Ligand code: SF4
């Protein structure tokens, strides 16, 4: 890994006139907001239904996501899709993204070992998350694991304490004002974001690492079932 230097943040790489997620995705490919772009293969932006009812926010792309340029396509992503299905959430109406959009790792021999992003990376990358949310109007935000929770809800939020609990979005976000107003047209008109809810749960990779994977998986599905019920109201 390269030595960490300063992280100017992603904001300067976001074109103010970008109306669509595709335009944001294209711009994110050239982001140099922190040093993580140097060693990773490519930016891994969010993907899914632009009119998604549910937006999932994970930590960062893994090794396979980094190679393919798509989020949640590795083992944890497969597990998440199964859990989404088992919980009764329609996978056609979800959007998947990460708090940090480049893969952070350290080399051990030829292997690239995942490293949790630092606060500086979460802060640097947050403008992309804010920009994605400004183009998405989900009914529900599902936060997967501690890194995503820190990015969206602040350092005091504890997933272990509040998992599976429906919370008001964006009131529960850190700096909720970032998420309150959303653009409605390319002339720059904004409106209040529609009321949505938030639910935090564990990251699917935590299920894969658990001693008792069946139990951890059941817990993930139970949390997502709360989310599914919130959607049917
Ligand atoms: S991790 Fe985020 S802020 Fe850092 S270079 Fe990648 S896209 Fe930009």
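The values are calculated or read from the model by the stated rules, or taken from the named source; none is laboratory data. Note that the structure is a prediction, hence the values are computed from the model and not measured. Using ideal geometry, Cβ is built from the backbone for each residue, glycine included, and neighbour counts are taken over all protein chains shown.
Could you check residue 132 against (1) within 14 Å of residue 36 (Cβ to Cβ); (2) touching a residue at least 40 places away in the same chain (Cβ under 8 Å); (3) within 12 Å of the ligand (Cβ to nearest atom) and say which number it fails?
Evaluating residue 132 over (1) within 14 Å of residue 36 (Cβ to Cβ); (2) touching a residue at least 40 places away in the same chain (Cβ under 8 Å); (3) within 12 Å of the ligand (Cβ to nearest atom) leaves (1) as the failure.
Say whether the condition of being farther than 25 Å from residue 134 by Cα and modelled with pLDDT of 95 or more is met by at least one residue in the range 90-102.
Within the range 90-102, the first condition is being farther than 25 Å from residue 134 by Cα, and the residues that meet it are none.
No, the range 90-102 has no match at all.
Out of (1) part of a loop (DSSP other than H, G, I, E, B); (2) within 16 Å of the ligand (Cβ to nearest atom), what's the single condition that is false for residue 72?
Every listed condition holds for residue 72 apart from (2).
Within the range 118-125, is there a residue that is within 16 Å of the ligand (Cβ to nearest atom), closer than 26 Å to residue 197 by Cβ, within 12 Å of the chain's Cα centre (by Cα) and without any contact (Cβ under 8 Å) to a residue 40 or more places away in the chain?
Narrowing the range 118-125 to residues within 16 Å of the ligand (Cβ to nearest atom): 118-125.
With closer than 26 Å to residue 197 by Cβ added as a condition, the list becomes 122-123, 125.
Narrowing the set further to residues that are within 12 Å of the chain's Cα centre (by Cα) leaves 122, 125.
Applying the additional criterion that residues be without any contact (Cβ under 8 Å) to a residue 40 or more places away in the chain yields 122.
The answer is yes; a qualifying residue exists.
Consider residue 83 carefully, then state whether it is surrounded by fewer than 21 Cβ atoms within 10 Å (Cβ to Cβ), more than 16 Å from the ligand (Cβ to nearest atom) and not in a loop (DSSP other than H, G, I, E, B). Working first, answer last.
On the way: surrounded by fewer than 21 Cβ atoms within 10 Å (Cβ to Cβ): no; more than 16 Å from the ligand (Cβ to nearest atom): yes; not in a loop (DSSP other than H, G, I, E, B): yes.
Spelling it out, it is not the case that residue 83 is surrounded by fewer than 21 Cβ atoms within 10 Å (Cβ to Cβ), more than 16 Å from the ligand (Cβ to nearest atom) and not in a loop (DSSP other than H, G, I, E, B).
Each row is one residue, and each column tells you yes or no for (1) part of a strand (DSSP E or B); (2) surrounded by fewer than 20 Cβ atoms within 10 Å (Cβ to Cβ); (3) near the ligand (Cβ under 9 Å from one of its atoms); (4) within 14 Å of the chain's Cα centre (by Cα).
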site: 16; (1), (2), (3), (4): no, yes, no, no
site: 23; (1), (2), (3), (4): no, yes, no, no
site: 27; (1), (2), (3), (4): no, yes, no, no
site: 32; (1), (2), (3), (4): no, yes, yes, no
site: 36; (1), (2), (3), (4): no, no, yes, no
site: 43; (1), (2), (3), (4): no, no, yes, yes
site: 50; (1), (2), (3), (4): no, yes, no, no
site: 56; (1), (2), (3), (4): yes, no, no, yes
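Does residue 200 satisfy being within 27 Å of residue 17 (Cα to Cα), modelled with pLDDT of 95 or more and buried (at least 23 other Cβ atoms within 10 Å of the Cβ)?
no
Identify all residues within the range 58-72 that are crowded, with 20+ Cβ neighbours inside 10 Å and over 16 Å from residue 145 (Cα atoms); write none if there are none. Even if it seems obvious, please write down each step before you answer.
As a first pass, look at the range 58-72 and keep what is crowded, with 20+ Cβ neighbours inside 10 Å: 58-62, 65-66, 71-72.
If the condition is that a residue be crowded, with 20+ Cβ neighbours inside 10 Å and over 16 Å from residue 145 (Cα atoms), then 65, 66 are the ones that fit.
Being in a strand (DSSP E or B) and touching a helix residue (DSSP H, G or I) at 6+ places or on another chain (Cβ under 6 Å) is the filter; apply it to the range 193-225 and report the residue that is farthest from residue 157 (Cα to Cα). Quick ask: steps written out before the conclusion?
Restricting attention to the range 193-225, the residues satisfying the condition of being in a strand (DSSP E or B) are 196-201.
Subsequent filtering for residues that are touching a helix residue (DSSP H, G or I) at 6+ places or on another chain (Cβ under 6 Å) retains 197, 199-201.
Details: 197: 16, 199: 12, 200: 10, 201: 12 Å.
In this case the residue turns out to be 197.
Of all residues in the range 92-101, which are within 16 Å of the chain's Cα centre (by Cα) and in a helix (DSSP H, G or I)?
Filtering the range 92-101 down to residues within 16 Å of the chain's Cα centre (by Cα) leaves 93-101.
Result: 93, single match.
(1) away from the ligand (no atom under 12 Å from the Cβ); (2) over 20 Å from residue 201 (Cα atoms): which one isn't true of residue 102, the others all being true?
(1)
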